[in-house]
1. What dipole magnitude, in Debye to the nearest 20, does the range 106-168 give about its Cα centre under +1 on Lys/Arg Cβ and -1 on Asp/Glu Cβ?
2. May I ask which of K125/K173; K43/K116; K69/K175; K68/K121; K78/K175; K43/K112 have a Cα-Cα span longer than 29 Å here?
3. If I histogram all Cα-Cα distances within the range 108-182 using bins 10 Å wide from 0, what percent of pairs lands in each bin?
4. Going through the range 99-138, which trypsin sites (Lys or Arg not before Pro) have at most 15 other Cβ atoms within 10 Å and a DSSP loop state?
5. Would you mind getting me the FRET efficiency between K43 and L156? Use the beta-carbon distance for r and R0 = 41 Å, nearest 0.05.
6. What's the Kirkwood radius of the range 25-182 in Å, using all Cα pairs?
7. Using only C-alpha atoms and all pairs of different ones, pull out the Kirkwood radius for the range 67-111 in Å with one decimal.
8. Which order do S89, S141, S133 fall in if you start with the one that has the fewest other Cβ atoms within 10 Å?
Amino acid sequence: MKKTSRVIALVFGIALIHSCQKDITFLITETSVGPLTQTTAVKEMESTFIKDSVVGDTAQINLGASPKKIEVFEKGGKHLLTLTANSDSIPTIENVRVMDPRYVTENGIGLKSTFKDIQSKYDIKKIVTTLNSIVVFPKESNLYFTIDKEELPENLRFSTSDIDAVQIPDGAKIKYLMLGWE
């Protein structure tokens, strides 16, 4: 009887530990995006995204070179990520553009988030104005968020001067969520 109760306790313990493990499939951290880590080599993309389709420049791959741009799609065709490789001797990923709204940061920010959500979870280091968008860089983070100027008040949409955080509407939606590794 004691042996049976030990087996039941062991099975229950393993089930409890397994249920407490966090699903990282769509989690963005400072050093990872889902199963992709900052140190994952380009040649490991197929095994890293084993359930998905990895697409790169086939001409470069056939010549034995690493493609500069790699796209990851779910088997059903949904675009998940666009990756940019560096040109090191063993290429890794230097930039990740998140394409799927299921990916969220540890702070819960994703493509369905707003500028107010960003401000509530991150301190803003700087905001860069480009021709068609603004780019928000949080302090102490490799993340950056792009907001289309169409989300701004009309008087700021064609401005090339600096835009302050107070000028960005709380409801401005994120257009691009990116992570840059150096």
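Every number here is computed from the coordinates shown, using simple stated rules; none is lab data. What you see is a predicted model; the values in this text were computed from it and never measured. As a convention, Cβ positions derive from the backbone with ideal geometry for all residues, glycine included, and neighbour counts pool all protein chains shown.
1. Details: 8 positive and 10 negative charges, 17 e Å.
Dipole of the range 106-168, to the nearest 20 debye: 80 debye.
2. Details: K125/K173 19 Å; K43/K116 39 Å; K69/K175 20 Å; K68/K121 32 Å; K78/K175 17 Å; K43/K112 31 Å.
Those over the limit are K43/K116; K68/K121; K43/K112.
3. Binned Cα distances yield the sequence 20, 59, 20, 1.
4. Details: sites: R102, K112, K116, K121, K125, K126; in loops: R102, K112.
Here the trypsin sites (Lys or Arg not before Pro) that fit, given the DSSP loop and packing criteria, are R102, K112.
5. Values: r = 45 Å, r/R0 = 1.09.
The computed FRET efficiency comes out at 0.40.
6. On the way: mean 1/r = 0.0603 Å⁻¹.
So the Kirkwood estimate lands at 16.6 Å.
7. Details: mean 1/r = 0.0858 Å⁻¹.
That comes to 11.7 Å for the range 67-111.
8. Details: S89 4, S141 15, S133 18.
Ordered from fewest to most neighbouring Cβ atoms within 10 Å, S89, S141, S133 come out as S89, S141, S133.
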